[in-house]
Structure formats: structure tokens, C-alpha cells
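The values are calculated or read from the model by the stated rules, or taken from the named source; none is laboratory data. Note that this is a predicted model, so its numbers are computed, not measured. All Cβ positions, glycine included, derive from the backbone under ideal geometry; neighbour counts span all protein chains shown. In case anyone asks, the SASA skips ligands and DNA or RNA and just uses the protein heavy atoms, side chains included. Shrake-Rupley method; radii C 1.70, N 1.55, O 1.52, S 1.80 Å.
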Amino acid sequence: MDGDWGDRDWEQIVVNYETLLHAPDQTTSATAFSVARQKGGRHECVDFRLSDAAEDGLERVKRDMHAQSGTYWTTCAVTIERDGRYRFDYGYDAPYRLSGNVDDRRFADYLTRYLAEKNGRQ
């Protein structure tokens, strides 16, 4: 994340990466944010931009997986937890944003869902 975290600590990082790298124009789109908690306990989602190195890494994963399976994934959802756990979920359907849905509201209530799940676990 560029800038200062202030009095926040991140709890979860979420990346939704879409790609058409197998297409001639090599189009990509990324939504990336962190669920962060302020010192007083208030949670918020803080957007950030993926670095070129992170995007290059996802592109390498895609190429390596293609070399093994012969198919390209079009979406990769990455979730990283503060304790080091992480998850990659791949999709092979038409990518949502790159299919013309530029106003992607799928994550608008993410914080509410995250807190409900978190509170259900405790």
C-alpha cells in the first residue's frame, strides 16, 4: 500500500485479478483491498494497487499452470490472512469486469460479510 497505514493493522488482503493474457491485447483488471482494523477496533476496507511485480507473478502462475494443464484461467481470487494462511481460487469463465461490467459492486458489502463470518467463528 502506498502511503501511511496510520493507526491501522491489516487483517486480510483480498485481490480479484482478471486477465485475458492469452488474447492479443493482454488485458488485465484488478480489485485489491485490505480489511484493516484501527487501534480503537473499528474495521474498514482500504483499497490499494497491485504492484507490477505482483501482477507479473500472477501472470507467471497463469503461464505455468497453462503449461501443465493446457488451459488458461481468467480469474484469480487471492485471500491472505494475517496469520499467514492464504488461498487462491481460479475461474475459467468470462471475467466479470473485462466482459464490460465496469461498475463492479460485488465487493461493496465485503466488510459486512467479513465481520459476520469473523464474529461467527469467535
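Need the full-extension length gain, Ser29 to Arg87, defined as separation in residues times 0.36 nm minus the C-alpha distance. One decimal, nm.
Between Ser29 and Arg87, full extension yields an extra 19.0 nm.
Among all stretches of the chain without exposed trypsin sites (Lys or Arg not before Pro) (DSSP loop, at most 13 other Cβ atoms within 10 Å), which one is longest?
It runs 1-38.
Between Asp56 and Leu115, what is the FRET efficiency for a Förster distance of 35 Å, r being their Cβ-Cβ separation, to the nearest 0.05?
0.60
Divide by every residue of the chain the summed helix terms, -39500 (n - 2.57) for each DSSP H run of at least 4, and state the resulting mean residue ellipticity at 222 nm, rounded to the nearest 500 deg cm²/dmol.
Value at 222 nm, helices only: -8000 deg cm²/dmol.
Just by accessible area at a 1.4 angstrom probe, what is the order of Thr74, Thr28, Thr112 from largest to smallest?
Largest to smallest exposure gives the sequence Thr112, Thr28, Thr74.
Taking all protein chains in place and a 1.4 Å probe, what share, in percent, of the accessible surface of the chain do carbon and sulfur account for?
47
Taking only protein heavy atoms and a 1.4 Å probe, what accessible area per residue, in Å², does the chain have with all protein chains in place?
Ligands and nucleic acids excluded, the result is 64 Å² per residue.
Order Ser51, Ser34, most accessible first, counting only protein heavy atoms with a 1.4 angstrom probe.
If we order Ser51, Ser34 from most to least accessible, we get Ser51, Ser34.
Of the listed values (1) 9.0; (2) 7.0; (3) 8.2, identify the label whose number matches mean projected area of the Cα convex hull in nm² calculated from this model.
Calculated mean projected area of the Cα convex hull in nm²: the matching label is (1).
Choose one answer from Val46, Val102, Val15: the residue with the largest mean-square fluctuation in a GNM of the chain with alpha-carbon springs under 10 Å.
Val102
Please give the contour-minus-distance gain from His66 to Asp7: 0.36 nm per residue of separation, less the Cα-Cα distance, rounded to one decimal in nm.
Full-extension gain reported as 17.1 nm.
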